[in-house]
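Asks: Dumping the structure here so I can ask a few things about it.
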Amino acid sequence: MKKICGIDDCLKTHQPKQHYEILRIAKKPKCKNGCDKPQVVAKYGLCRNCYAKELPFVERAKLKQYSMTIEEFEAMSIKQNHQCLICGNENSVSRHGTPMKLAVDHDHKTGKVRGLLCTWCNLGLGKFKDNVELLQKAIDYLNEKGK
């Protein structure tokens, strides 16, 4: 069954699924940069294109939670030769193939920054809850069963 779209006096006929999609997009708030596209990254109020253009802004916002500036992040990265402190990789790649910068590793109890890690090493530590004993058990397991 076809419906008449009621958005902005539209007289086009749409299939129900198309109609729902048009309404869903129309209800989304617009990008805060005024480019008239819907927000995709709601946390920053930006559409996909503006989010990509404003990456330094996004990085500043992320670093703010660690009380770091971009300059301090870059200095730490240079000190580490732009490499992860665990695996030595320069950058990691997401599961979708997009390159990712080094992540800020911090102590969850104190909030103190420990260094920069690739995303995978940072996630690995997080999955083990920064528990040295648990990590040692994982190492022992791999040594015993991984052969």
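Each value in this text was obtained by applying a stated rule to the coordinates, not by laboratory testing. Keep in mind that this is a model prediction, so the values were computed, not measured. Note that each Cβ is placed from the backbone with ideal geometry, even for glycine, and that neighbours are counted across all protein chains shown.
Asks: Could you list which residues have their amide H under 5 Å from that of residue 105, counting only those 5 or more apart in sequence or on another chain, with H placed in the peptide plane?
Replies: 114, 115, 116, 117
Asks: Give me 118, 31 sorted ascending by neighbouring Cβ count inside 10 Å, so fewest comes first.
Replies: 31, 118
Asks: Next up: Based on the alpha carbons, how large is the Rg to Rh ratio for the range 67-145 when Rh follows Kirkwood?
Replies: Values: Rg = 13.9 Å, Rh = 13.7 Å.
With Rh from the inverse mean 1/r over Cα pairs, Rg/Rh is 1.01.
Asks: Related question: Listed here are the pairs 101/145; 30/127; 62/145; 37/112; 101/127; which of them are more than 28 Å apart at the Cα?
Replies: Numbers: 101/145 33 Å; 30/127 36 Å; 62/145 39 Å; 37/112 38 Å; 101/127 20 Å.
With Cα atoms farther than 28 Å apart: 101/145; 30/127; 62/145; 37/112.
Asks: To continue, here is another question. Using θ = phi - 60° and the Karplus curve 6.51 cos²θ - 1.76 cosθ + 1.60, what whole-Hz ³J(HN,Hα) does each residue of the range 134-142 get, with Gly and Pro shown as x?
Replies: The phi angles translate into 5, 4, 5, 5, 5, 5, 4, 4, 5 Hz.
Asks: If you don't mind, there's one more thing I want to ask. Hey, what do the phi angles of the range 64-75 turn into as Karplus ³J(HN,Hα) couplings, whole Hz, using 6.51/-1.76/1.60 and θ = phi - 60°, x for Gly and Pro?
Replies: 4, 5, 9, 6, 10, 9, 4, 5, 5, 4, 5, 5
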